[in-house]
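Below is one structure, written out as structure tokens, with a few remarks after it.
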Amino acid sequence: MKPLFIPQIPTEAVSYVPTLFGNLDEAIRGFCKSNLIVVGGRPAMGVRSFVLTMACRQAWQGHKVACFFMSLTTNNLVERTNHIYEYYKQPKTSASPAFYLEPQLSIDSLHSEIERLKNGAAVDIVYVESLQGIGLGDRISIR
């Protein structure tokens with residue numbers, strides 16, 4: 001069996017969005033704009049808080065961030081983001097990710113919305129909070 005050699009690609013040739021978590025960025029350099037990144041964990045392990053914190057911090061750095069939440073209420077979102085702003089001592093007037101609260105989103109609708117955002121707003125990164133909440137249209141549900 002022949003070994004597979006991956007060519008060295010200059011880092012400036014690839015566009016990354018940093019996670020702004022030092023150890024994680026050291027290991028992976030951030031998120032490549034063209035990649036699908038799945039962040040998962042067991043219930044109540046803080047995945048939503050981790051993603052929300054990354055999204056807010058990236059927006060403060062000038063990145064255009066969009067977040068889709070399938071199971072988050074407006075009040076809960078406001079409460080969580082206020083806590084993040086207070087923890088990092090950011091004024092409420094700081095940049096914010098674009099939030100979409102979509103409890104009944106189908107995979108086709110999500111794909112269309114992401115394409116629209118990508119083409120129209122030059123979004124750097126899109127987070128989708130939960131694959132469990134996405135339906136597959138008239139087909140089946142992922143739940």
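Please treat every number below as a calculation from the coordinates, not as lab data. Not measured: the values here are computed from a predicted model. Note that each Cβ is placed from the backbone with ideal geometry, even for glycine, and that neighbours are counted across all protein chains shown.
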statement: The aspartates and glutamates whose Cα lies under 20 Å from the Cα of LYS64, excluding any fewer than 8 residues away in the same chain, are GLU12, ASP25, GLU102, GLU113, GLU115, ASP124, GLU129
query: By count of other Cβ within 10 Å, fewest leading, how are VAL47, VAL126 ordered?
result: VAL47, VAL126
field: Neighbourhood net charge (10 Å Cβ-Cβ; Lys/Arg +1, Asp/Glu -1) for LEU52
entry: +2
field: Protection proxy ranking, peptides 20-31, 48-59, average beta carbon neighbours within 10 Å, highest first
entry: 48-59, 20-31
Given charges at Cβ of Lys, Arg, Asp, Glu: the stretch 14-133 dipole, positive-most of ILE37, PHE50, PRO91: PRO91
message: Can you tell me, using C-alpha contacts under 8 Å and at least 6 residues apart, the relative contact order of the stretch 14-133 as a whole percent?
response: 30 percent
- request: Could you calculate the contour length gain from GLN61 to SER96, that is, 0.36 nm times the residue separation minus the distance between their Cα atoms, to one decimal place in nm?
  value: 11.6 nm
